[in-house]
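Peer 1: Quick one: the structure is below, and I'll ask about it shortly.
The values are calculated or read from the model by the stated rules, or taken from the named source; none is laboratory data. Predicted model only: the values in this text are computed from it and were never measured. Positions of Cβ are generated from backbone atoms using ideal geometry, with glycine treated the same way; all protein chains shown enter the neighbour counts.
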Amino acid sequence: MLKPIYMQNTAGDLEGERQKLIQDLSANHTVIDTLNSLNIPLEEISRHPYQIKRYLDDIARCSGCTSLSMCSRQQRGYRPTLSYDGILTNAVTACEFEVQRSINEAHLKNYLICDMSDEMKQVSFETISLDEQDNAYIRSMNHAMRCCMQSKGLYLYGSMGTGKTYLAACAANYMAKNGKKTVFVHYPSLCQRITASLRTGEYKTETDRMSYADFVVIDDIGAEEVTDRTRNLLLSILDARMQNRKTTWFTSNNDFSTLLDHFVTTSKGDDRMEAMRILERIRALAETEKMVGKDRRTLSQTNG
């Protein structure tokens, strides 16, 4: 039986292959433009043709990508590149989508606590569409913007879905973007965290941050289960913010009358005086704005 004969490339074959690759790369306008954009001398083609070819093959994976969600690289948002400082080296760099993400999320470093969704972390007064909004909403938005710009507190209340949390998130993002240490807490969730960490006392970090942050939003106050401990902690937070003149916003489904009734009763009985103390501090910290209208979340789903 005849055995197959395996032929090895000779040095001449390899050099011929290398010279062909150099010729092809040197004649390719895309390659030339790419190297020029990276400030890499064209002479590097003849010195490192295989390195340049591997880079071109690798970067081709990014062709057609339109968002970070499409990225298939191990380190999402980072693509290969070449750098030159006398020596041609491989490196990685953030793509345009990762750069934009970093810009969009730069303000998040100023959040000490943030219970907002990813979508809410990006909202702003500037991006609110007023095309289908009624005069009542525009009035409320203008009041919210004025309080935000003047660092005044605000108590936004009204039915579910009227846009209270959205406006408060716009204000919080504005403050964070302007370098203010910001807190946005969903108050029912905070109360649950406090109850869950009573033994360890971990909740104290959050309550301390709420006491002294530059700007605080207490979202959905009045929807939580009231206990003596959470009521006392809230009172201490509001006291600290009053004494230090810190800007505080609230959102609630309750007007002041129903909010007072909400804070009166705990499992240990009624304490109207303690509830009144909380309401007095909210009144001292914030102007009020009633938001009216249909549930915008329902309208959005219907229109979508």
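Peer 1: Does segment 112-132 contain at least one residue that is polar (S, T, N, Q), assigned by TED's automatic domain parsing to the domain that holds LEU238 and buried (at least 18 other Cβ atoms within 10 Å of the Cβ)?
Peer 2: no
Peer 1: Further question on the same structure: Could you tell me whether ILE45 is assigned by TED's automatic domain parsing to the domain that holds LEU21, aliphatic (A, V, I, L, M) and assigned to a helix (DSSP H, G or I)?
Peer 2: Judged against the criteria, ILE45 is a match.
Peer 1: Restricting attention to segment 84-107, does a residue exist that is assigned to a helix (DSSP H, G or I), touching a residue at least 12 places away in the same chain (Cβ under 8 Å) and in contact with a Lys or Arg (Cβ under 6 Å, 6 or more places away or on another chain)?
Peer 2: yes
Peer 1: Among the listed residues GLN192, GLN133, identify the single one that is assigned to a loop (DSSP other than H, G, I, E, B) and on the phi < 0 side of the Ramachandran plot.
Peer 2: GLN133
Peer 1: Determine the pairs where a residue that is closer than 13 Å to THR227 by Cβ, located within segment 255-283, has a partner that is buried (at least 16 other Cβ atoms within 10 Å of the Cβ) and of a type in the set (Lys, Arg) with Cβ atoms under 7 Å apart, the partner being 6 or more residues away or on another chain.
Peer 2: PHE263/ARG231; THR266/ARG231; GLU274/ARG231
Peer 1: Moving on. Report the residue count in segment 153-189 for those that are among the hydroxyl-bearing types (Ser, Thr, Tyr) and not in a helix (DSSP H, G or I).
Peer 2: Of the residues in segment 153-189, 5 are among the hydroxyl-bearing types (Ser, Thr, Tyr) and not in a helix (DSSP H, G or I).
Peer 1: Same structure, new question: Looking only at segment 37-52, count how many residues are more than 36 Å from the chain's Cα centre (by Cα) and without any contact (Cβ under 8 Å) to a residue 24 or more places away in the chain.
Peer 2: Count: 3.
Peer 1: Anything in segment 272-293 that is in a loop (DSSP other than H, G, I, E, B) and surrounded by fewer than 16 Cβ atoms within 10 Å (Cβ to Cβ)? List them, or say none.
Peer 2: The one that is in a loop (DSSP other than H, G, I, E, B) and surrounded by fewer than 16 Cβ atoms within 10 Å (Cβ to Cβ): VAL292.
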